[in-house]
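This report refers to the structure that appears directly beneath it.
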Amino acid sequence: MADTGSQGVAANLKVRSENEINKGRTMTQAMRVTADNNNDISTILSERVLIPVGCDHCDKETEVSLETLKSTSTVMCEHCSHVRPFSNVEMNMLMAVLGRAGYRVP
């Protein structure tokens, strides 16, 4: 007949020793996401992040901050100085794409 009491004590000591080992550690690594984790996780995106906006005139991209795109309705190309409007439809589309990618803009 096996002694189940000593096995339970050994398992308890193992768990306790693992907790003591991990006690002083800080969380410096990313948390693994498992298939059973159904929580929506999003990253808050700073308004200072630069978004590439294509120029209709020279087909090159100019990086413009989200803050600038929200506050002004025009974008000036840094290559050819062409000015074009940045519409509400484009802003809504940009927010939808960022949202689907897991970003949230304050």
Within region 67-88, work out how many residues are within 16 Å of Val105 (Cα to Cα) and either touching a strand residue (DSSP E or B) at 6+ places or on another chain (Cβ under 6 Å) or among the basic types (Lys, Arg) (or both). 1
Does Val53 qualify as being surrounded by 10 or more Cβ atoms within 10 Å (Cβ to Cβ), at pLDDT 90 or above and touching a helix residue (DSSP H, G or I) at 6+ places or on another chain (Cβ under 8 Å)? yes
Identify, from the list Val75, Val89, the residue that is in a helix (DSSP H, G or I) and either more than 18 Å from Leu45 (Cα to Cα) or charged (D, E, K, R) (or both). Val89
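Rundown of residues vs (1) in contact with a His (Cβ under 6 Å, 6 or more places away or on another chain); (2) in a loop (DSSP other than H, G, I, E, B); (3) at pLDDT 55 or above, yes/no style:
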residue: Ser6; (1), (2), (3): no, no, yes
residue: Lys14; (1), (2), (3): no, no, no
residue: Val33; (1), (2), (3): no, yes, no
residue: Ile41; (1), (2), (3): no, yes, yes
residue: His57; (1), (2), (3): yes, yes, yes
residue: Thr68; (1), (2), (3): no, no, yes
residue: Leu94; (1), (2), (3): no, no, yes
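The values are calculated or read from the model by the stated rules, or taken from the named source; none is laboratory data. Because the structure is predicted, anything quoted here is derived from the model rather than measured. Counting neighbours? That spans all protein chains shown, and the Cβs are built from the backbone with ideal geometry, glycine included.
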